[in-house]
Amino acid sequence: MLSGRALLAVLVVLPTLTAWNAAPASAAAGSNAQVYDDEPVDREIELARLGYQNGVRVVFSRDVASGDWGIRQDGEMGRNAPLAYDDKQGILKTYLTITPKSVPVPRELLSEPPAGTPAPPELAYRTIAASVVVVDDLAVPTSSGMAASAVMTCWDLYWNSYNWAELPGYPNPGSVWHPAKTYYSSDFGGMKMYSYSYLANCGGYARHRIYYKSAGDYYKHHDYEVASYHWQAVKKGSVHRYRKVLYDGTSGDTRNGKYTG
């Protein structure tokens, strides 16, 4: 089987495919959400920005300082659901699962699997892009583990199994107040390879922050405000680190997440 490097040598390098129609990278899909600057945030290199016909936006990235990989999915309550569902897959495998063969693979993603990992067979039929891959109007993949018609409600959990799950009030989501809460990987077994966090906003305000620990200090590598009646699912990681996820106090939100590896 060809290695990632061998495949790279024989495949055609393609430029960016099309213009990106979503909000800026600092915003959740369909919102005026923003990244805050009250704490430094690791610079994130975007490898692919994907838009789907059901309104879901997916960004694949890698952090400059930590080297951690990331998948961020944004969508709207009652309209759609996350697409990258199988959390046991690596980042490259997830990309190959949720994109058709016609969409190039970011060259940087070839280095995501651990050294010595055989190249996925699906990679043999894909072209490689040296620059960020930007594609819109993709059909919802049927092989991703979620049905094309799937939608998230205010009371749905995304990660299962999970380390934490906080649901809003019913039938009025805003009737339950969730105080500010930080979930540490040290509370769930210590250092972990990956942080997974899902935040759904059915109350009006929700801020989503994810950190990793290095040389005794925590550094932030995700900070987004999720717009009202929108959801966001994030996977961050690459190696064993102490990690934490922070949610601000608010009412009407769903908080769901875990650490693995």
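Report the FRET efficiency, 1/(1 + (r/R0)^6), for TYR184 and SER102, where r is their Cβ-Cβ distance and R0 is 35 Å, rounded to 0.05.
On the way: r = 42 Å, r/R0 = 1.21.
About 0.25, to the nearest 0.05.
Go through LYS101/LYS192; LYS220/LYS258; LYS101/LYS220; LYS181/LYS235 and tell me which ones have a Cα-Cα distance over 28 Å in this structure. Provide the component values of the computation, followed by the final result.
Details: LYS101/LYS192 32 Å; LYS220/LYS258 17 Å; LYS101/LYS220 34 Å; LYS181/LYS235 19 Å.
Pairs exceeding the cut-off: LYS101/LYS192; LYS101/LYS220.
Stokes-Einstein at 10 °C, 1.306 mPa s, Kirkwood radius from Cα pairs: D for the range 73-212 in µm² s⁻¹? Walk me through the intermediate numbers first.
Details: Rh = 17.8 Å.
Translational D for this selection: 89 µm²/s.
Taking H placed 1.01 Å from N in the peptide plane, check which residues at least 5 places from TYR229 or on another chain put their amide H under 5 Å from its amide H.
For TYR229, the qualifying residues are ASN201, CYS202, GLY203, GLY204.
Per-residue HN-Hα couplings for the range 169-177, Karplus 6.51 cos²θ - 1.76 cosθ + 1.60 at θ = phi - 60°, whole Hz, x for Gly and Pro?
So the Karplus estimates, Gly and Pro as x, are x, 9, x, 9, x, x, 7, 10, 9 Hz.
For the range 69-153, compute the orientation-averaged projected area of the C-alpha convex hull (one quarter of its surface), in nm².
Details: hull surface 24.3 nm².
The number I arrive at for the range 69-153 is 6.1 nm².
Where q = 0.31 Å⁻¹, what log10 of I(q)/I(0) comes from the Debye formula for the range 99-141, counting one point per Cα?
The Debye formula, applied to the Cα set alone, gives -1.22.
Cut-off 15 Å, label point 7 angstrom out along Cα-to-Cβ of ALA165: give me the residues of the range 219-260 whose amide nitrogen falls inside.
Flagged as within label range: 254-259.
Measuring from the lowest to the highest alpha carbon on each principal axis, how far does the range 156-197 reach, largest first, in angstroms?
Cα spread of the range 156-197 along its principal axes, largest to smallest: 37, 21, 11 Å.
Bear in mind that the values in this text are calculations on the coordinates, not laboratory data. The shown structure was predicted, so the numbers you read here are calculated from the model rather than taken from an experiment. As a convention, Cβ positions derive from the backbone with ideal geometry for all residues, glycine included, and neighbour counts pool all protein chains shown.
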